[in-house]
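Read through the structure below, which is laid out as structure tokens, and then see the notes.
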Amino acid sequence: MDVDAEREKTQEIQALERILGPGPAGFDEEVSESSLESDSEAGDADSLPDEDSATAGPPVSEGERWDGASNDEDDPKGKTLPEDPETCLQLNMVYQLVLQEKLAEVSLLLAQNQEQQEEVMWDLAGSKGPRLKDSKSLPLNLYVGHFLKPYFKDKVTGVGPPANEDAREKAGQGIKTFEELLVTKWKSWEKALLRKAVVSGRLQRLLQPKLLKLEYLQQKLSKATSEAEREALEKQSSKAEEEIRDINQLPEEALLGSRLDSHDWEKISNVNFEGGRSAEEIRKFWQNWEHPSINKQEWTRPELEQLKAIAAKHGHLHWQEIAEELGTRRSAFQCLQQFQQHNKALRRRAWTEAEDRMLTQLVQEMRVGNHIPYRRIVYYMEGRDSMQLIYRWTKSLDPRLRKGLWTPEEDTKLLQAVAKYGEHDWFKIREEVPGRSDAQCRDR
């Protein structure tokens, strides 16, 4: 509401207050405490007459001033309305008009705020497609949390809600939650940090008793009384210092220990990784994959055939025994992983319509802009791995794929991309030619 309209309303209220005439102090106090405090106070100072003023007119009796007051009421200050009902109604109507205009102003601000929120949400979602102004639904790629748990987290602690009856029953059966199944790929700096933490922890465990012994000998040496005792303590101190030097000179390979050695995984998790990786996750990764004694070379064909034969002999169980019998420095985890990847019975090759619909829905719900989290989607596609999802989506299901004859513009973009990346990295080349797969670009 503009200033002129506000001023007109204020003047109208002041005129009505002057019509009311002199009243008790309670009326002035209540008006001054209303929503128009600043304006009414100015009006009272200028227009309302003082009870002691000579221009106030003849005195008004209590019976005339207070309608319906009983003889038992000694103090009529609880009454705030004058006897004229028409005046009261007019004053009430003025206040109603003021409140209605204020409510309309607040409603307009709320509508503007809602539009701004929708704009921000669309910007965060990275949606570039057209949308209707009257559309109530947000872009699909905004609902990343639809498949992530917990759905709600406390803003201060980051802790989700307590487990319900279904979650407690699954936990009692040993069924893991989504967070426990989801594994983030280890980066190179994390691997180096883990190796350094294991070496540092083992070195500290070896040095700690020697350092304590040396400190104890030095304390006794300072309190020695005889020469013989002093010489014996100095000899023991020299031997302890020599042991400490030998430990400090140990090579890194000796400090790494064997694959199944115990380490302070909780300390490594909380101190070295600052809680970014759990202790159990770090232990499993070190013992099953990252320890230097584990063979990380590519599997050869004879090795795979030998693995299949040994696994069949053990009934595809007891993978630790299978790895030891294989004798190629593979961990049990590596053996199980390779067996699952190369077992035709565990890999379905023909995609069904139900799988295509599920993959399309998961991509639409979980993608963030142009990023598609295949490694998270794979948990909902039983019998499929992330590479199968990538190939199926990029070569068949992506609605942006184009088929048919190539246009001259597409040929130009293809030639430019090949000149930029060479004739090998077709996955990058396809990004330069929107609507075409890497196979189409290669065959072109």
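The values are calculated or read from the model by the stated rules, or taken from the named source; none is laboratory data. Since the model is a prediction, treat every value here as computed from it, not as a measurement. Note that each Cβ is placed from the backbone with ideal geometry, even for glycine, and that neighbours are counted across all protein chains shown. Just so you know, the surface numbers come from the protein's heavy atoms only, side chains and all, with ligands and any DNA or RNA stripped out. Shrake-Rupley method; radii C 1.70, N 1.55, O 1.52, S 1.80 Å.
Some points to look at:
- Taking region 165-212 as the range and being among the small types (G, A, S) and modelled with pLDDT under 90 as the test, the residues that pass are A167, A171, G172, G174.
- Just one residue in the set Q340, Q388 is polar (S, T, N, Q), in contact with a helix residue (DSSP H, G or I) (Cβ under 7 Å, 6 or more places away or on another chain) and part of a helix (DSSP H, G or I); that residue is Q340.
- Only one of Y391, Y379 that is in contact (Cβ under 8 Å) with a residue 40 or more places away in the chain and either open to solvent by 90 Å² or more (accessible area, probe 1.4 Å) or touching a strand residue (DSSP E or B) at 6+ places or on another chain (Cβ under 6 Å) (or both): Y379
- Odd one out for E253 among (1) surrounded by 12 or more Cβ atoms within 10 Å (Cβ to Cβ); (2) among the acidic types (D, E); (3) touching a residue at least 12 places away in the same chain (Cβ under 8 Å): (1)
- K313 vs. criteria open to solvent by 30 Å² or more (accessible area, probe 1.4 Å) and at pLDDT below 90: no
- Some residue of region 297-308 being under 24 Å from R205 (Cβ atoms) and either touching a residue at least 40 places away in the same chain (Cβ under 8 Å) or among the charged types (D, E, K, R) (or both): no
- Filtered residues of region 394-444 (kept if outside any helix (DSSP H, G or I) and either of a type in the set (V, I, T) or open to solvent by 60 Å² or more (accessible area, probe 1.4 Å) (or both)): P399, R400, R402, K403, L405, T407, E423, H424, V433, P434, R444
- Every pair of residues 6+ apart whose Cβ atoms lie under 8 Å, when the first sits in region 210-239 and is surrounded by 11 or more Cβ atoms within 10 Å (Cβ to Cβ) while the second is assigned to a helix (DSSP H, G or I) and β-branched (V, I, T): K210/I244; K210/I247; L211/I244; L214/I244
- Only residues that are open to solvent by 70 Å² or more (accessible area, probe 1.4 Å) and within 18 Å of R430 (Cβ to Cβ) were counted across region 361-376, and they come to 2.
- Some residue of region 104-111 being modelled with pLDDT of 75 or more, under 39 Å from the mean Cα position of the chain (by Cα) and not hydrophobic (A, V, I, L, M, F, W, C): yes
- When K155 is tested against (1) of a type outside the set (A, V, I, L, M); (2) modelled with pLDDT of 65 or more; (3) not assigned by the TED database to the domain that holds W265, only condition (2) is not met.
- Failed item, numbered, when I247 is tested on (1) in the same structural domain as L206 (by the TED database); (2) outside any helix (DSSP H, G or I); (3) of a type outside the set (G, A, S): (2)
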